[in-house]
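None of the figures in this text is laboratory data; all of them are computed from the coordinates on show. A quick note: this is a predicted structure, and the numbers were derived from the prediction, not measured. Methodologically, a virtual Cβ is constructed for each residue, glycine included, from the backbone with ideal geometry; neighbour enumeration extends over all protein chains shown.
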């Protein structure tokens with residue numbers, strides 16, 4: 001079985017905010033890529049992380065688990081997490097798993113970055 005294809009590019013938006021552009025599939029096998037993106041986004045020194053899901057092709061329960069791992073790490077560092085670009089399907093999954101209570105969801109990058117900067 002071929003490992004899931006995933007890339008994550010990090011863009012620094014200034015004032016302690018980083019955007020992580022997600023392309024591909026998020027599964028439990030993606031932990032090294034996710035944690036490398038977290039480190040590239042500033043690790044514990046970043047104040048706000050915005051996850052861009054517009055390039056997400058697939059996410060399974062293992063991928064949700066990886067997001068929970070990221071959330072736990074961010075919460076320990078008193079970091080804010082936000083997301084945008086989720087399809088209706090994945091928005092519903094975030095609601096069912098209650099991830100939307102811990103990760104603020106926005107419709108677009110400008111709103112997500114703006115809301116993060118205003119906190």
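Based solely on its DSSP helices, what 222 nm [θ] is calculated for the chain when runs of n ≥ 4 H residues each add -39,500 (n - 2.57) and the sum is averaged over all residues, nearest 500 deg cm²/dmol? Kindly include the intermediate steps, with their values, before the conclusion.
Numbers: 4 runs with 44 residues, N = 119.
After summing the helix terms and dividing by residue count, I get -11000 deg cm²/dmol.
Enter the mean projected area of the convex hull around the alpha-carbon atoms of the stretch 48-119, in nm², rounded to one decimal. Write down the numbers at each step before the final one.
Working: hull surface 17.9 nm².
Computing the convex hull of the Cα atoms and averaging its projections yields 4.5 nm².
How would you rank 87-95, 25-33, 43-51, 100-108, highest first, on the average number of other Cβ atoms within 10 Å across their residues? Mind dumping the intermediate values first?
On the way: 87-95: 13.7, 25-33: 17.3, 43-51: 19.2, 100-108: 15.3.
The densest-packed peptide leads the list: 43-51, 25-33, 100-108, 87-95.
Which angle between 0 and 90 degrees, to the nearest 10, do you get for helix 31-40 versus the longest principal axis of the chain when only C-alpha atoms count?
20
What do you get for the angle between helix 61-76 and the principal long axis of the chain? Use alpha-carbon atoms, 0 to 90 degrees, nearest ten.
20
If a/c stays under 1.5 just call it rounded; otherwise compare a/b with b/c (prolate if a/b is bigger, oblate if not). Do that for the stretch 6-91, with a ≥ b ≥ c from the square roots of the Cα gyration tensor eigenvalues.
prolate
Between residue 71 and residue 57, what length in nm is gained on full extension when 0.36 nm per residue of separation is reduced by their alpha carbon distance? If you can, show how the numbers build up before the last one.
Values: separation 14, 0.36 × 14 = 5.04 nm, distance 2.08 nm.
Length gained between residue 71 and residue 57: 3.0 nm.
With each label point set 7 Å from Cα along the Cα-Cβ vector, what nm distance links residue 29 and residue 78?
3.9
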